[in-house]
Structure formats: structure tokens, C-alpha cells
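Following: one structure in C-alpha cells, then a few remarks.
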Amino acid sequence: MVSLEIDADAVVTLRFMPPYRPEDERAYLDALHEIGRREEPYTLLTVFGGGRALSQAGEREQALWFKTTRERVSRACRACAIVRPDASEKTAETFRRLWPFPIVAAREEAAGRAFLIGHDSRATS
């Protein structure tokens, strides 16, 4: 199941969780594109359930998304919390090479949300 929500505090939450369905990969990639179009400031919370990999074509599309949206996401996103069962500092380090904003990897959603509280998405850069 994939969902994309934007709350009143401009926290963009992308979830990719079980139960997985055949259309989830397309929904996930579409959600990335929607995030990539966002120009207003936000913080990003990604919550992944683990155990599901993208197809080879999906991996290519995701990699292209990172490349083509890097500048816009770097400008608009104030911080990112990546939540997944196997999250580690190495996870965060990988994404820190892509983006200049603060990033944390956590195993619990509450820890990710707590991290984002310190990075008000409404603040200007």
C-alpha cells in the first residue's frame, strides 16, 4: 500500500507498506514525481515496510527521479526522516550524499517525526 499525505505543517509523508499490491510500484513512483514537483517548503517523512524491492525498470525510474529533482528537492525540503525496519546510520549517509539538508534514518516512525520537529518546513532558507 502506498500513500502520500501533506499535513497542515507541510510534513510530506510517503508510505510504502504491506500489504503490497501489484500497482504499488507505480503508485510509489508517481508519489515521488509529485514530491519532486513541490516548490513550497516541506519536511519529508518516508515510511517503508521493508521486504519489497522495485523492479529493474522501477529502480531506473527512481534513480532518474533523484537525478532530475535533486536541485528542486534540495531547495524546498528542509529535512528528511527515513523510517524502515533495517534503518541504520549507513542508510542516512547514503542519502546525505544526494541531498544537502539534514537526514536521519530510524526504525520507528515516532523517532523520525521527532527529528522533523526541529526543522520547521515553514522557515525560509
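Can you tell me what the convex hull of the Cα atoms of the stretch 1-48 projects to on average, as an area in nm²?
3.1 nm²
I want to verify a result. In a Gaussian network model of the chain, Cα cutoff 10 Å, which of these has the top mean-square fluctuation: 88, 74, 55?
55
Count the DSSP beta bridges whose two residues both fall in the chain, then state the antiparallel fraction as a percent rounded to the nearest 5. Don't jump to the answer; show the numbers that get you there.
Details: 5 of 20 bridges.
Close to 25 percent.
What's the longest bit of the chain with no exposed trypsin sites (Lys or Arg not before Pro), using DSSP loop states and at most 16 other Cβ atoms within 10 Å as the test? Provide the component values of the computation, followed by the final result.
Numbers: sites that count: 52, 97, 107, 122.
Looking at the chain, 1-51 is the longest stretch - no exposed trypsin sites (Lys or Arg not before Pro) with at most 16 other Cβ atoms within 10 Å.
Under 8 Å for C-alpha pairs, at least 6 residues apart: give me the relative contact order for the chain, rounded to a whole percent. Don't jump to the answer; show the numbers that get you there.
Working: 218 pairs, mean separation 32.2, N = 125.
Result for the chain is 26 percent.
Semi-axes of the chain's equivalent ellipsoid from the Cα gyration tensor, sqrt of 5 times each eigenvalue, largest first, rounded to whole Å? Working shown, then result.
Details: eigenvalues 89, 55, 41 Å².
Result for the chain: semi-axes of 21, 17, 14 Å.
May I ask you to compute the full-extension gain from residue 52 to residue 99, defined as 0.36 nm times their residue separation minus their alpha-carbon distance, rounded to one decimal in nm?
Details: separation 47, 0.36 × 47 = 16.92 nm, distance 2.39 nm.
Result for the pair: 14.5 nm of gain on full extension.
We did not get these values from a lab; they are worked out from the coordinates using the rules stated. Since the model is a prediction, treat every value here as computed from it, not as a measurement. Glycine gets a Cβ as well: all are built from the backbone with ideal geometry, and neighbour counts include every protein chain shown.
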